[in-house]
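Here's the structure we're looking at; comments come further down.
The values are calculated or read from the model by the stated rules, or taken from the named source; none is laboratory data. As the structure is a prediction and not an experimental result, all values here were calculated from the model. We place every Cβ from the backbone using ideal geometry, glycine too, and count neighbours over all the protein chains shown.
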Amino acid sequence: MSNQVRRFYRVSAIFGLFALMGLFGAVPAGAGNSARFHGTFTETPAGAELGYDIHGSAKMTVWTDATAVKVNVSGLDPAKAYGSHLHNGTCASGGGGHYQDDEGGDIEPPNELWITNSGTTLSPNPGGVGHGGGSADWAARVTSTTQTNARSVVIHEPGGTRIACADLT
Ligand SMILES: [Cu+2]
């Protein structure tokens with residue numbers, strides 16, 4: 001084998017190696033490494049008492065270092081702006097409290113995840129439909145045995161009354 005051919009093979013091997021690394025490197029670490037949760041909104045007993053007929057869904061995606069929640073809900077009062085948050089209790093248990101990344105820490109984002117579409121609240125369109133979202137740069141716990149987990153999305157009447165809830169499963 002001539003030196004030229006040998007060099008050709010060596011260079012080809014190196015390029016081949018880089019090509020392979022590039023191939024694997026092109027797939028972002030952790031891509032697809034997410035867990036999705038979905039829930040259906042129903043009015044709480046308090047919400048029903050207030051006359052609400054709520055329908056809609058909540059979706060939560062948890063990545064290794066981020067969480068996103070999307071809400072799509074109908075039956076809201078267009079004249080009101082609602083608080084909506086990721087909660088740490090099931091709907092059956094009343095929704096618990098606000099889910100917090102640092103438990104006992106700040107009682108607002110970024111330590112909590114609020115679902116909004118205008119400022120800090122969820123404001124429905126003239127048809128009473130609210131589309132909102134929220135995200136955080138931490139992964140919501142979902143299987144912790146020592147800390148709270150993200151369990152539900154709650155919608156609050158202005159003033160705080162819980163009018164609707166969706167379990168995230
Ligand atoms: Cu809340």
Within region 98-118, the count of residues that are farther than 16 Å from residue 158 by Cα, within 15 Å of the ligand (Cβ to nearest atom) and touching a residue at least 40 places away in the same chain (Cβ under 8 Å) comes to 3
Right, residue 154: in a strand (DSSP E or B), under 14 Å from residue 87 (Cα atoms) and either under 15 Å from the mean Cα position of the chain (by Cα) or not assigned by TED's automatic domain parsing to the domain that holds residue 85 (or both) or not?
yes
Tell me, please, whether a residue that is within 16 Å of the chain's Cα centre (by Cα) and in the same structural domain as residue 148 (by TED's automatic domain parsing) can be found in region 46-57.
yes
Would you check which residues across region 119-151 are in a loop (DSSP other than H, G, I, E, B), within 16 Å of the ligand (Cβ to nearest atom) and among the β-branched types (Val, Ile, Thr) and list them?
120, 148
The one condition in (1) in a strand (DSSP E or B); (2) more than 11 Å from the ligand (Cβ to nearest atom) that residue 86 fails to fulfil
(2)
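Residues of region 110-132 being surrounded by fewer than 17 Cβ atoms within 10 Å (Cβ to Cβ) and either among the charged types (D, E, K, R) or modelled with pLDDT of 95 or more (or both), which ones?
Residues satisfying the conditions are 110, 119, 120, 125, 126, 127, 129, 131.
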